[in-house]
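Here the structure comes first, spelled out in C-alpha cells, and everything after it is commentary.
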Amino acid sequence: EDQVTQSPEALRLQEGESSSLNCSYTVSGLRGLFWYRQDPGKGPEFLFTLYSAGEEKEKERLKATLTKKESFLHITAPKPEDSATYLCAVRSGGSYIPTFGRGTSLIVHP
Amino acid sequence: SAVISQKPSRDICQRGTSLTIQCQVDSQVTMMFWYRQQPGQSLTLIATANQGSEATYESGFVIDKFPISRPNLTFSTLTVSNMSPEDSSIYLCSVEVGVGGNQPQHFGDGTRLSIL
C-alpha cells in the first residue's frame, strides 16, 4: 500500500525566511510525485510533477526535488502570498489513483 | 490544464436529505474523479467516473450513498444521499488531462457541505 507522510504539519515563517517542506513516501514503483498548493476555500492547484530521483523543478520562489524516498519543496525568501497548504501526492506503478498526504500548512508573516 | 467548475460552492442541508453536486469541465476528458476532503485529513477518493460506464467506487463508498452520473465527456454529478452530520465535508471533482496515464490531476474549487 502506498503511503505519503508530510512534515511538518504546520510551519510559520517570517517573510524572507527560507525553509523546506518534506514529503516522505513508500510506493512500489514510483510513476510520479505531485505537489499542489491549496488556498482556503479553493481546490488544490497543481505545481510540479517529478518522475525520477535527482529531478528538480522550479517556479518562482519554489523548488521541488526528489530522492528515492522523499521529496522536498524548498521555499526561498517567502512572501505572505505564499501562505497556503501544500499537498504532496504519489502515483505508483499499475495505479492511476494517486495517494495524497495530509499537507503542510504554511503561514508567512510580513 | 483544464477549467473545472463545481456547483454549488457551498450548502447547508438538513439531515436525511440529498444533494447533487455538479462538475463541468471545459474540455473532453476520459476520467473524472470525486474526492472527499475532511479537515486535517488527506484527500480521499470516492469514485472514478468514466463516460458510458458505471462508476468505480473505492473501499468504504457505495453507490446507494454516493450515486454518480457521467452523461458525457465534460460533465458529471455526485449525489450525497440521506445525509448525516458525518457527511459534512468538502467534495472535490478532478480530471486528468493529457495522455500517458501519468498526468497530474486538476481540481475544481470544491463544494463545502454542512449537515445540520
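Here are some notes:
- Residue mean of other protein chain beta carbons inside 10 Å, B:40-48: 4
- The loop-placed GluC sites (Glu not before Pro) in segment A:45-92, going by DSSP, that have at most 10 neighbouring Cβ atoms within 10 Å of their Cβ come out as A:60.
- Between segment B:80-97 and segment B:1-62, the alpha-carbon centres lie 6 Å apart.
- R0 of 35 Å, Cβ-Cβ distance residue B:10-residue B:56: FRET efficiency to nearest 0.05: 0.80
- Efficiency of FRET between residue A:51 and residue A:97 - r from beta-carbon atoms, R0 25 angstrom, step 0.05: 0.90
- Remark: mean inter-chain Cβ contacts per residue of B:105-116 equal 3, using a 10 Å Cβ-Cβ cutoff to other protein chain atoms.
- Computed P(r) (all Cα pairs; chain B; 10 Å bins; percent): 15, 49, 31, 5, 0
- Within the listed set B:98, B:40, B:16, the residue fluctuating most in the Gaussian network model of chain B (springs between alpha-carbon atoms under 10 angstrom) is B:40.
- For a modelled paramagnetic label at residue B:26, 7 Å from Cα along Cα-to-Cβ, the residues of segment B:55-96 in reach, with backbone nitrogen under 19 Å, are B:73-76, B:93-96.
- Derived scalar couplings ³J(HN,Hα) [segment A:64-78; Karplus, 6.51 cos²θ - 1.76 cosθ + 1.60; whole Hz; x for Gly, Pro]: 9, 10, 9, 10, 6, 10, 7, 10, 10, 10, 8, 10, 9, 6, x
- Averaging 1/r over each pair of different alpha-carbon atoms in segment A:65-110 and inverting the result gives 12.6 Å, the Kirkwood hydrodynamic radius.
- Principal axis dimensions, largest first and in whole angstrom, of the protein assembly as shown by Cα: 48, 38, 32
- Placing a pseudo-label 7 Å from each Cα along the Cα-to-Cβ vector at residue B:81 and residue B:41 gives an inter-label distance of 2.0 nm.
- Peptide A:33-45 - average C-beta neighbours from other chains (10 Å radius): 4
- Its convex hull of Cα atoms gives segment B:1-66 a direction-averaged projected area, equal to a quarter of the hull surface, of 5.9 nm².
No lab work stands behind these numbers, since they all come straight from the coordinates. Just so it is clear, the model here is predicted, and its values are computed rather than measured. Glycine also receives a Cβ, built like all others from the backbone with ideal geometry; neighbour counts cover every protein chain displayed.
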